[in-house]
Amino acid sequence: MGKVYVDLTHPFCAEIPRWPYFDKPVIDNAHTMAKGGVLTSRIECTMHTGTHCDAPRHVMEYEFDGRRARYTHEMPVDAYAGTAVLLNIDIEPWGLITDEHLDAACKACGYNPDDLKGKILCLNTGMHRLFDDSKAYYHYSAGTGVEAGKWFVRHGVKAVAMDSQALDHPLHTAMGNNGMTRMNLLGATGKPITEEYKELFGEEAYSKFDKFEYIRLHGQEAYDELYGDLEEIGIWGTWEPCHKEMLGHGIVGVENLGGNLDKIPAGVEFEFLCFPLRWYMGDGSMARCVARIDEEKLNDVPERTYKYGGTGYADAENGGGSGLEYMQKLFSRNK
């Protein structure tokens, strides 16, 4: 047996799940077979829909070295491609992935984190199995924060591809109490998700997502120790800190990794192929992500099939996890 290609991309269509305030993709035909003898389609959508790449300019004005944050066309052609390794992250529902989780994931598969330098890191948190227009996937996703971002920088990774809704935990984004829109979305209980998190995990755990709460509880000095490097370059520390730690140091990111991700074993190196559009002054781009790996090394799991729009993503026969079970596990945490 030789090398095979494994698709790590969620299929794109007009009904693809999308981030809470993103526009719905519009797909129309400029020509049809019946009318013109050819099929030509037009697509209008946000470029950060489905499986996609982020460039530094997406979230930053300046990188840590003082340069203007780079656009997509300014990144090397292989910025998102190269030798990769996957880690399985053991994390509770809605959990914040830290450096400790990443160290534990390396230890579990026998991979030395010192060998990550110059490589692409793929994270399998299990969230890709819940990919749908749902609170389970967006509001209550597990995700990373500032400690994970600094871990990626410290180990010199080239790029990070995650199977969750963003490079950051949802409470580090505008879904919570961060960002210019600061939606603080209502959760399953009818309360804002920030309040739900405090009830489930405690006020101190929540403070990592809220600049002013963190300073109130721990003081300015403690805040500066954790987020000061971001604040020094004019960045609101708790607003997407993993994005900014990564992208500000030239580590690009891929969000919504999916497809047959579960076929890739942890700790085994493979070739990761991902190329955004060569978009002049682009902030990111939808992309096709593929693994090229020895066939005999693949995990023996079923092919992933998709049904969007709440029509079957959670069915076991479709290779998906159950969003309902995920939510029940989350909200029974303190019982």
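Computed from the coordinates by the stated procedures, all read-outs in this text should not be read as laboratory data. Quantities reported herein were computed from a predicted structural model and do not represent experimental measurements. A quick note on method: Cβ atoms are made from the backbone with ideal geometry, for glycine too, and the neighbour counts reach across all protein chains shown.
Sequence-ordered 3J(HN,Hα) estimates for the stretch 236-248 from the Karplus curve with 6.51, -1.76 and 1.60 and θ = phi - 60° stand at 5, x, 8, 8, 6, x, 5, 3, 6, 4, 5, 5, x Hz, glycine and proline given as x.
Modelled spin-label separation between Glu204 and Thr189, with each label point placed 7 Å from Cα along the Cα-to-Cβ direction: 2.0 nm.
For the residues Trp94, Trp236, Trp279, a GNM of the chain with alpha-carbon springs under 10 Å puts the largest fluctuation on Trp279.
Its residue count N fixes a reference of 2.2 N^0.38 Å for the stretch 170-215, and the Cα radius of gyration divided by that reference is 1.04. If you add up the charges near Asp229, with Lys and Arg at +1 and Asp and Glu at -1, over every other residue whose beta carbon is less than 11 angstrom from its beta carbon, what do you get? Charge balance in the 11 Å sphere: -3. Taking Cβ atoms as reference points and 9 Å as the exclusive limit, the residues near His243 contribute a net charge of -3, counting Lys and Arg as +1 and Asp and Glu as -1. What the phi angles of the stretch 54-62 give under the Karplus curve with 6.51, -1.76 and 1.60, with θ = phi - 60°, is a coupling list of 10, 9, x, 5, 4, 10, 9, 8, 9 Hz, glycine and proline written as x. Once divided by 2.2 N^0.38 Å, the Cα radius of gyration of the stretch 27-105 becomes 1.75. Fewest-first ordering of Cys53, Cys45 by other beta carbons within 10 Å of each residue's beta carbon gives Cys45, Cys53.
Rg then Dmax, both in Å and based on the Cα atoms of the stretch 1-56: 15.7, 47. Listed from fewest to most Cβ neighbours within 10 Å, the set Glu296, Glu92 follows the order Glu296, Glu92. Ranked by the mean number of other Cβ atoms within 10 Å of their residues, highest first, the peptides 7-19, 188-200 come out as 7-19, 188-200. Restricting to the chain, what percent of DSSP beta bridges are antiparallel, rounded to 5? Antiparallel bridges: around 65 percent, rounded to the nearest 5. Among 121-128, 24-31, the peptide with the highest mean count of other Cβ atoms within 10 Å heads the list, and the full ranking is 121-128, 24-31.
Computed from the Cα positions only, the extents of the chain along the three principal axes stand at 67, 43, 41 Å, in decreasing order. The eigenvalues of the Cα gyration tensor, multiplied by 5 and square-rooted, give the stretch 32-190 an equivalent ellipsoid with semi-axes of 28, 23, 19 Å from largest to smallest.
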